[in-house]
Amino acid sequence: IKDLKIKENRQMTRLCDLVYDYVDFIYVTSLPINEETLQYYLKLLGLKGAVSNGRTEDQVDLSHRYKIVIPEALSKFPTHNMSLATLLKYSPKAIDRIKNLIRGRDAYILPGVMSMDDLYVADLLGVPIFGTEPEIANLYTTKSGSKRIFQSAKVSIPHGEFDIYNKQQL
């Protein structure tokens, strides 16, 4: 996958969940985040109270509510293109850090694309994961899969073909 690290870092927008008082955030990334980007998000999110009631003194500092974890396996496999879950699977120090951060708290994993390694990491951490079994996800995360779901639910879909696998079908 071209630019895998950048694509994985698109999940950083989930920092926006910090606007909810009951949410803390552990961001696992394989790409270091520069301080300027972090400050941008935190400043933006900290302005929520000030914007909603018009008082600048209602800005808050949210930096204590997020942690960034970078799997140490990055240095062990520098030339391998591995998913974040796979890197985490081979990073016992990162797993231990996450276990310490979530100890005694409700937590869950919110993956991008499900894989067996995501399930493995969820089992290691003893937390639920928001997603389906990878085999099921692979069936229904395509355009054809989506159309099959809509058809079975009797939802109107635009006319067109799906499950096209060769030139003749096309």
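The values are calculated or read from the model by the stated rules, or taken from the named source; none is laboratory data. Everything quoted here is computed from the prediction, not taken from an experiment. All Cβ positions, even for glycine, are placed from backbone atoms using ideal geometry, and neighbour counts span all protein chains on display. In case anyone asks, the SASA skips ligands and DNA or RNA and just uses the protein heavy atoms, side chains included. Shrake-Rupley method; radii C 1.70, N 1.55, O 1.52, S 1.80 Å.
Pulled fully out, how much extra length does the chain show between D21 and R148, if you take 0.36 nm times their separation in residues and subtract their Cα-Cα distance? The partial results should precede the final answer.
Values: separation 127, 0.36 × 127 = 45.72 nm, distance 3.87 nm.
Net length gain for the segment: 41.8 nm.
How large is the Kirkwood hydrodynamic radius of the range 126-170, in angstrom, based on all distinct alpha carbon pairs?
12.4 Å
Compute the separation of the alpha-carbon centres of the range 31-67 and the range 125-165 and state it in Å as a whole number.
If we compute the Cα centre of each part, the gap is 36 Å.
Using the beta-carbon distance between E35 and H64 and R0 = 22 Å, what value does 1/(1 + (r/R0)^6) give for FRET efficiency, to the nearest 0.05? The partial results should precede the final answer.
Details: r = 16 Å, r/R0 = 0.73.
FRET efficiency, E35 to H64: 0.85.
Considering only protein heavy atoms, what is the solvent-accessible area of S152 at a probe of 1.4 Å, reported in Å² to the nearest 10?
90 Å²
Would you kindly calculate the mean projected area, averaged across all directions, of the convex hull enclosing the Cα atoms of the range 25-71, in square nanometres?
The orientation-averaged projected area of the Cα hull of the range 25-71 comes to 3.5 nm².
To test your reading of the geometry: what angle, between 0 and 90 degrees and rounded to tens, separates the Cα axis of helix 116-125 from the longest principal axis of the chain?
30 degrees
So what's the range 51-138 giving for Cα Rg divided by 2.2 N^0.38 Å, two decimals? It would help to have the intermediate numbers written out before the result.
Values: Rg = 16.7 Å, N = 88, 2.2 N^0.38 = 12.1 Å.
Computed over Cα atoms of the range 51-138, the ratio equals 1.39.
Rounding to the nearest 20 debye, state how big the charge dipole of the chain is about its Cα centre with +1 on each Lys and Arg Cβ and -1 on each Asp and Glu Cβ. Before the final figure, lay out the partial values.
Details: 22 positive and 20 negative charges, 57 e Å.
In total the dipole reaches around 280 debye.
HN-Hα J couplings of the range 38-44 from phi, Karplus 6.51/-1.76/1.60, θ = phi - 60°, integer Hz, Gly and Pro as x?
My calculation for the range 38-44 gives 4, 4, 4, 4, 5, 5, 4 Hz in order.
Just reorder H159, H80, H64 by solvent-accessible area, largest first, 1.4 Å probe, all chains present.
Working: H159 190, H80 100, H64 125 Å².
Correct descending sequence by accessible area is H159, H64, H80.
Over the chain, what is the mean sequence separation of C-alpha contacts under 8 Å (at least six apart), divided by residue count, expressed as relative contact order in percent? Please list the in-between numbers first.
On the way: 159 pairs, mean separation 25.0, N = 170.
Over the chain, the number comes to 15 percent.
If the only charges are +1 at each Lys and Arg Cβ and -1 at each Asp and Glu Cβ, what is the size of the charge dipole of the range 102-147 around the Cα centre, to the nearest 20 debye?
Numbers: 4 positive and 6 negative charges, 45 e Å.
Approximately 220 debye in magnitude.
Given H placed 1.01 Å from N in the peptide plane, which residues other than close sequence neighbours of I109 have an amide H under 5 Å from its amide H?
Placed amide hydrogens put I129, F130 under 5 Å from I109.
Are there trypsin sites (Lys or Arg not before Pro) in the range 96-161 that DSSP marks as loop and that have at most 13 other Cβ atoms within 10 Å, and which are they? If you can, show how the numbers build up before the last one.
On the way: sites: R97, K99, R103, R105, K143, K147, R148, K154; in loops: R103, R105, K154.
Here the sparse-neighbourhood loop sites are R103, R105, K154.
Can you give me the long-range amide H partners of V28? Hydrogens built in the peptide plane at 1.01 Å from N, cutoff under 5 Å, separation of 5 or more residues or another chain.
Hits under the 5 Å cutoff: V69.
Keeping every protein chain in place, order S156, S63 by accessible area at 1.4 Å, biggest value first, i.e. largest first.
Details: S156 115, S63 50 Å².
Largest to smallest exposure gives the sequence S156, S63.
Looking at the calculated P(r) for the chain, what percent of the C-alpha pair distances fall above 20 Å? Mind dumping the intermediate values first?
Values: 9165 of 14365 pairs.
More than 20 Å apart: 64 percent of the Cα pairs in the chain.
In degrees, nearest 10, range 0 to 90: what is the angle between the Cα axis of helix 143-152 and the longest Cα principal axis of the chain?
80 degrees
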